[in-house]
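Reading through the structure tokens given below for one structure.
The values are calculated or read from the model by the stated rules, or taken from the named source; none is laboratory data. Note that the coordinates shown come from a computational prediction; the quantities given were computed from them, not determined experimentally. Backbone-built Cβ (ideal geometry, glycine too); neighbour counts: all protein chains shown. All accessible areas refer to the heavy atoms of the entire protein, side chains included, with ligands and DNA or RNA removed. Shrake-Rupley method; radii C 1.70, N 1.55, O 1.52, S 1.80 Å.
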Amino acid sequence: MKIPVIDIFAGPGGLGEGFSALLNADGTRAFDIALSVEKEEAAHQTLTLRSFFRQFEPDTVPEDYYSFVKGEITIQELYSRWPEQASLAKEEAWLATLGDGKDAVPFEEVDSRIKSALKGHRDWLLIGGLRVRPIPL
């Protein structure tokens, strides 16, 4: 059974990508990114694309993905050719601000999204990125 992962402050998804790359002895993924949360649009777009990639088992990613990466098709074309996987990726990657600031999503909504993403799993993993801001000299 895959262990669900909730990835907060995910950025473009590097930490989650590391977890999702770990394979069991049978070649299946050990972890399943259930929900990734990021507030910056550009990072969220990458997060969604990486989620789309993970909707396929290793070695079964369609050639259309690589056509997009090469600039031969648009992201809209890629997602329209694989609507189920695109929908799952967009559900997994959430553009939202966490915390208690004025733009933050209410805690109740965050809890609800996490519970929904976990689909009843009681054992899961919480990971989160850290944004380091340069100190002015």
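Restricting Leu35, Leu49 to those that are within 20 Å of Lys119 (Cβ to Cβ), modelled with pLDDT of 95 or more and not β-branched (Val, Ile, Thr) reduces the list to Leu35.
Cβ-Cβ contacts under 6 Å between residues 6 or more apart (or on different chains), taken from a first residue in segment 92-110 that is part of a loop (DSSP other than H, G, I, E, B) to a second residue that is acidic (Asp, Glu), are listed as Thr97/Asp103. Within segment 1-32, being more than 19 Å from Leu118 (Cβ to Cβ), within 12 Å of the chain's Cα centre (by Cα) and open to solvent by 70 Å² or more (accessible area, probe 1.4 Å) holds for one residue alone: Pro12. Of the listed requirements (1) open to solvent by 70 Å² or more (accessible area, probe 1.4 Å); (2) in contact (Cβ under 8 Å) with a residue 40 or more places away in the chain; (3) more than 29 Å from Pro62 (Cα to Cα), Gly128 misses just one: (1). Annotation: Glu91 fulfils all but one of (1) more than 17 Å from the chain's Cα centre (by Cα); (2) open to solvent by 30 Å² or more (accessible area, probe 1.4 Å); the unmet one is (1).
Identification of helices (runs of 4 or more DSSP H) wholly contained in segment 1-73 with 1 or more residues that are among the β-branched types (Val, Ile, Thr) yields 41-54, 63-69. Taking segment 41-69 as the range and being open to solvent by less than 50 Å² (accessible area, probe 1.4 Å) and among the basic types (Lys, Arg) as the test, only Arg54 passes.
If we scan segment 56-78, do we find a residue that is basic (Lys, Arg) and touching a Phe, Trp or Tyr at 6+ places or on another chain (Cβ under 9 Å)? Within segment 56-78, none of the residues are basic (Lys, Arg) and touching a Phe, Trp or Tyr at 6+ places or on another chain (Cβ under 9 Å).
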